[in-house]
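Everything below concerns the one structure shown next.
The values are calculated or read from the model by the stated rules, or taken from the named source; none is laboratory data. Everything numeric in this text was worked out from a predicted model, so none of it was measured. Cβ: placed from backbone, ideal geometry, glycine included. Neighbour counts: every protein chain shown.
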Amino acid sequence: MSERVKRFLVKLAAVFVTFSLVATLEWRCRRQETRATEPVLDGSGAAASAADLRRKYADPEELAALCRAVQGRNEALTARAFRLRHRRTTRVTAFDRGNKPVAVTESVESVHFEGRAERATTLETRQLLGDPGGLPGFPGGADSKTRWPFSDATPAGLYRYELAGVEELAGKPAVRVGFEPVRPDEGTFKGSAWVDPATAEPVRMHGTALHLPVFLDRFEMLVDYGPAGTGHNQVRRVTADVAGGFAFVSRHYRLEAALDDYQPAGP
């Protein structure tokens, strides 16, 4: 065997050993961090004694009618959002592997839309902890790949819905509707929607993404809706929790945004 072949085989063995070591480290990290694939945001309300609502929406036809009404309310809410401007106060927190905050940034923005494209103007930014380098911004605008339930951007029949109970939120009963896609396509979520049975307005929605990019372990969103001072409900609070990484590199971020001061966008 020539020296050239021997050198080639040594290099090949070194690459193989390095790859095996990194793969083993990654496997061990994933085993130690299985919680990253589990939901961490909890939108559950207090238990409510509402047997009449449970009986009503245990009927598949009644539940289907409620879901159709929720979709109509949600589409109207989204259409209004694109015609309004609002203020968004966002806090972004980065955590280390021990879930200890290592960086916190807070920003205030004025937000409006051109069509469905978000336009945000930063009014103020404060670094409350650590280094701002690498902290993500708020995922605003309409993402064509996102397939939220009850959305006009989501193909009909993509989600299945079931009654998950009746809970009390803000002192009022809310019907909890569980949702899951019939197939885990890109941009789909599994979770729950809490609905006001009197108005079919969404009160809260929680979803965990099912089809994730490489090296991303978890993407969750918790959305709260409420009166916006315009005579209608709008999104009032969004919390997103994101975790992922590879081998020695691990990232965990939480974005918490409060939305207020809704007004007509105007000229």
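Which fully enclosed strands (runs of 3 or more DSSP E) of region 148-267 have 1 or more residues being under 21 Å from ARG80 (Cα atoms)?
Numbers: elements: 159-169, 172-181, 189-195, 202-209, 216-227, 233-246, 249-264.
Of the strands (runs of 3 or more DSSP E) lying wholly inside region 148-267, those with at least 1 residues that are under 21 Å from ARG80 (Cα atoms) span 189-195, 202-209, 216-227, 233-246, 249-264.
Quick one: which residue in THR230, THR239, THR208 is over 14 Å from the mean Cα position of the chain (by Cα) and of a type in the set (S, T, N, Q)? Let's see the steps before the verdict.
Working: THR239 fails: over 14 Å from the mean Cα position of the chain (by Cα); THR208 fails: over 14 Å from the mean Cα position of the chain (by Cα).
Checking each option against the conditions leaves just THR230.
Within region 169-182, does at least one residue satisfy the condition of being on the phi > 0 side of the Ramachandran plot and without any contact (Cβ under 8 Å) to a residue 12 or more places away in the chain? Give the steps one after another, and end with the answer.
Keep residues of region 169-182 that are on the phi > 0 side of the Ramachandran plot, which gives 170-171.
Now narrow it down to the ones that are without any contact (Cβ under 8 Å) to a residue 12 or more places away in the chain: 171.
Scanning region 169-182 turns up at least one residue that is on the phi > 0 side of the Ramachandran plot and without any contact (Cβ under 8 Å) to a residue 12 or more places away in the chain.
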Looking at (1) within 23 Å of VAL223 (Cβ to Cβ); (2) at pLDDT 90 or above; (3) crowded, with 16+ Cβ neighbours inside 10 Å, which is the one condition that is false for LYS56?
(1)
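Does region 65-79 contain any residue that is assigned to a loop (DSSP other than H, G, I, E, B) and either of a type in the set (Ser, Thr, Tyr) or modelled with pLDDT of 95 or more (or both)?
Let us first name the residues in region 65-79 that are assigned to a loop (DSSP other than H, G, I, E, B), namely none.
No, the conditions are met nowhere in region 65-79.
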If we scan region 101-116, do we find a residue that is crowded, with 18+ Cβ neighbours inside 10 Å, in a helix (DSSP H, G or I) and not aromatic (Phe, Trp, Tyr)?
no
Could you please find all residues in region 196-230 being of a type outside the set (A, V, I, L, M, F, W, C) and loosely packed, with under 14 Cβ neighbours inside 10 Å?
THR199, PRO213, PRO227, GLY229, THR230
For region 128-176, name all the residues that are modelled with pLDDT of 90 or more, basic (Lys, Arg) and within 21 Å of the chain's Cα centre (by Cα).
ARG160, ARG176
